[in-house]
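The values are calculated or read from the model by the stated rules, or taken from the named source; none is laboratory data. Remember, predicted model here, so these are calculated numbers, not experimental data. Neighbour counts are summed over all protein chains in view; Cβ atoms, including those assigned to glycine, are modelled from backbone coordinates with ideal geometry. Quick note on the areas: whole protein, heavy atoms, side chains included, nothing else; ligands and nucleic acids left out. Shrake-Rupley method; radii C 1.70, N 1.55, O 1.52, S 1.80 Å.
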Amino acid sequence: QVQLVESGGGLVQAGDSLRLSCAASGRTFSSYFMGWFRQAPGKEREFVAAITRGSGYLYYADSVKGRFTISRDNAKNTVYLQMNSLKPEDTAVYYCAADLVDLGRYYYSQSRYDYWGQGTQVTVSS
């Protein structure tokens, strides 16, 4: 079974930056449509960003657009989430997710992703 492992989370102050990584093992990474989601305390999981197999299309939630950048390195089987200008409301557990299907218009729908990592905590203090 495909395994996804997130890393790079931590405790930072508002305005700081972090880069999250998601390393995939199992099937070839290049076959997967990848996404990032997050879940804040007491809230439901929400979409953050997604990227197609060849990085041809990038998708972002309005709340992070202009601040976060998703990218992937298929040779390293890794997807990244560069987070700049972090805000306290970005505090959450961040999860990477994968699917073998190009989700297209459904990139935002967490229920359509078949594989999930265990998450990495990001805490932004004010």
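Within the stretch 47-67, is even one residue of a type in the set (A, V, I, L, M) and touching a Pro at 6+ places or on another chain (Cβ under 7 Å)? Talk me through it step by step, then tell me what you get.
Of the stretch 47-67, the ones of a type in the set (A, V, I, L, M) are 48-51, 58, 61, 64.
Pick out the ones that are also touching a Pro at 6+ places or on another chain (Cβ under 7 Å) and you get none.
No: the stretch 47-67 contains no residue that is of a type in the set (A, V, I, L, M) and touching a Pro at 6+ places or on another chain (Cβ under 7 Å).
Identify all residues within the stretch 29-82 that are among the basic types (Lys, Arg) and open to solvent by less than 40 Å² (accessible area, probe 1.4 Å); write none if there are none. Break it down stepwise before answering.
Taking the stretch 29-82 and keeping what is among the basic types (Lys, Arg), we get 38, 43, 45, 53, 65, 67, 72, 76.
Arg38, Arg67, Arg72, listed by residue number.
Select, from Arg112, Arg45, Arg67, the only residue that is charged (D, E, K, R), at negative phi and more than 14 Å from the chain's Cα centre (by Cα). Break it down into steps so the answer makes sense when it comes.
Numbers: Arg45 fails: more than 14 Å from the chain's Cα centre (by Cα); Arg67 fails: more than 14 Å from the chain's Cα centre (by Cα).
Among Arg112, Arg45, Arg67, only Arg112 is charged (D, E, K, R), at negative phi and more than 14 Å from the chain's Cα centre (by Cα).
State whether the residues of the stretch 8-17 include one that is part of a strand (DSSP E or B) and in contact with a Lys or Arg (Cβ under 9 Å, 6 or more places away or on another chain). It would help to see each step written out before you state the result.
The initial filter retains those residues of the stretch 8-17 that are part of a strand (DSSP E or B), namely 10-13.
Applying the additional criterion that residues be in contact with a Lys or Arg (Cβ under 9 Å, 6 or more places away or on another chain) yields none.
No, the stretch 8-17 has no match at all.
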